[in-house]
Amino acid sequence: MHACLLFATELYALPILRPLAAAAARQGLRVGWVVPEAVAAYLHADEPRLRSLREVKRLAPDAVFCAANWVAPALPGAKVQVFHGFNAEKREPDRGHFRLRGFFDLYCTQGPSTTAPFRELAAQHRYFAVEETGWPKLDPLFAGDGVAAAALRPGDARPVAMYASTFTESLSSARAMLEPLRELTARADRYWLLTLHPKCDPALIAAYRELEGPHARFLESDRLLDMLRAADVMVCDTSSAIDEFAVQLKPVVTIRNRRPKPFMLDVQGPAEVDAAIDRALARPDALMVALRAHADAIHPLRDGHASERVLAATQTLLDGGYGKLARKPLNLWRRWQARGELRALLPG
């Protein structure tokens, strides 16, 4: 490989793709970014934004790395899916994490729980390869210096609780938790880190921002990784962020999770959250055993080198190491949609 393209259509894609971009740069690859205006404001000075298809073709990427569930076929290079999150089981498999849209040549999976289903799909459809690499987003979680995360903790011995919620309204606890959090964050026994998905109702996000004070801080989703590293316990509902937290072997309190699992302390409503946090912070043996088993199933490669494995798998794809793949399905409607969205991103 000589060059690669990072395709980030949402703000949440930046912390997923940045470790991959850094690994590519360390290997001497040229790197470019395709992002919408709303995301461009968050790019760093050393993250070159490409503004036209002409500029993309000038970069001549060997591969396009994507955290969204679509990528424009018109972009040059192999299309590599690195996922926007873990499988939170918000939907049935054929509509959720394992839904195929016919865009990708390679799926870089996070762990056995996703690798096996995708390999079954690959054997059935034959137009893409699958490699278990781990998730680039978690590289700084396991190999970073932790300075930014440490800065989010209070300067005392209080435990740090983190609250996050899905943007799926039917599964979200954000509205129900607003008033309880107003009370919890007014107390001095814990320090709180709060965030909401950027697609949530702007009025709700504004209300959560107002919870900031001496015992709480609200942060945008681009700081999610620092929050995950800084917190001792997470409170959530049904979101892939639960798994991002759990792989650190830290306990999670969930509120009416769609499919609660043994590693979660699932409660039926906000009134039960306070006591559940106390139980989580006690780290009971049975809970911790379940937590480790879950982490091993979803992301066993906790060494901070997923990005390097993604690049190696991509090179294997380019070298023909996965054998001859079948042609992708036409999916004319999706391709037409992707073409329109690409024009909005790259008008030139």
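Some points to look at:
- When region 313-340 is filtered for residues that are surrounded by 17 or more Cβ atoms within 10 Å (Cβ to Cβ) and assigned to a helix (DSSP H, G or I), the ones remaining, listed by number, are Ala313, Thr314, Leu317, Arg335, Ala338.
- Residue in region 129-137 that is over 25 Å from Leu17 (Cβ atoms) and among the aromatic types (Phe, Trp, Tyr) present: no
- The set of residues in region 197-233 that are buried (at least 20 other Cβ atoms within 10 Å of the Cβ) and out of contact with any Leu (no Cβ under 7 Å at 6 or more places or on another chain) comprises His197, Cys200, Leu224.
- No other residue among Glu120, Glu132 is under 21 Å from Val247 (Cα atoms), among the acidic types (Asp, Glu) and in the same structural domain as Gly85 (by TED's automatic domain parsing) apart from Glu132.
- Complete set of residues in region 155-175 that are touching a residue at least 12 places away in the same chain (Cβ under 8 Å), aliphatic (A, V, I, L, M) and under 21 Å from Ala280 (Cα atoms): Val160, Ala161, Met162, Ala164, Ala174
- Counted residues, region 120-172 - those being within 19 Å of Cys236 (Cβ to Cβ), modelled with pLDDT of 95 or more and assigned to a loop (DSSP other than H, G, I, E, B): 4
- Scanning region 59-84 for residues that are of a type in the set (Gly, Ala, Ser), in contact with an Asp or Glu (Cβ under 9 Å, 6 or more places away or on another chain) and on the phi < 0 side of the Ramachandran plot yields Ala63, Ala67, Ala68, Ala72, Ala78.
- Some residue of region 244-260 being under 26 Å from Asp139 (Cα atoms) and over 22 Å from the mean Cα position of the chain (by Cα): no
- Any hit, region 312-333, residues being of a type in the set (A, V, I, L, M) and under 30 Å from Gln248 (Cα atoms): yes
- Filter result (in a strand (DSSP E or B) and without any contact (Cβ under 8 Å) to a residue 40 or more places away in the chain) within region 200-232: Gly213, Ala216, Phe218
- Of the candidates Arg309, Arg292, the single residue that is modelled with pLDDT of 95 or more, surrounded by fewer than 17 Cβ atoms within 10 Å (Cβ to Cβ) and either under 22 Å from the mean Cα position of the chain (by Cα) or part of a loop (DSSP other than H, G, I, E, B) (or both) is Arg292.
- Subset of region 251-271 [surrounded by 15 or more Cβ atoms within 10 Å (Cβ to Cβ) and part of a helix (DSSP H, G or I)]: Pro270
Yes or no, residue by residue, for (1) within 23 Å of Leu249 (Cβ to Cβ); (2) surrounded by fewer than 17 Cβ atoms within 10 Å (Cβ to Cβ):
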site: Leu138; (1), (2): yes, no
site: Phe142; (1), (2): yes, no
site: Ala149; (1), (2): yes, no
site: Pro154; (1), (2): yes, yes
site: Arg158; (1), (2): yes, yes
site: Ser165; (1), (2): yes, no
site: Ser172; (1), (2): no, no
site: Glu179; (1), (2): no, yes
site: Arg182; (1), (2): no, yes
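The values are calculated or read from the model by the stated rules, or taken from the named source; none is laboratory data. The shown structure was predicted, so the numbers you read here are calculated from the model rather than taken from an experiment. Note that each Cβ is placed from the backbone with ideal geometry, even for glycine, and that neighbours are counted across all protein chains shown.
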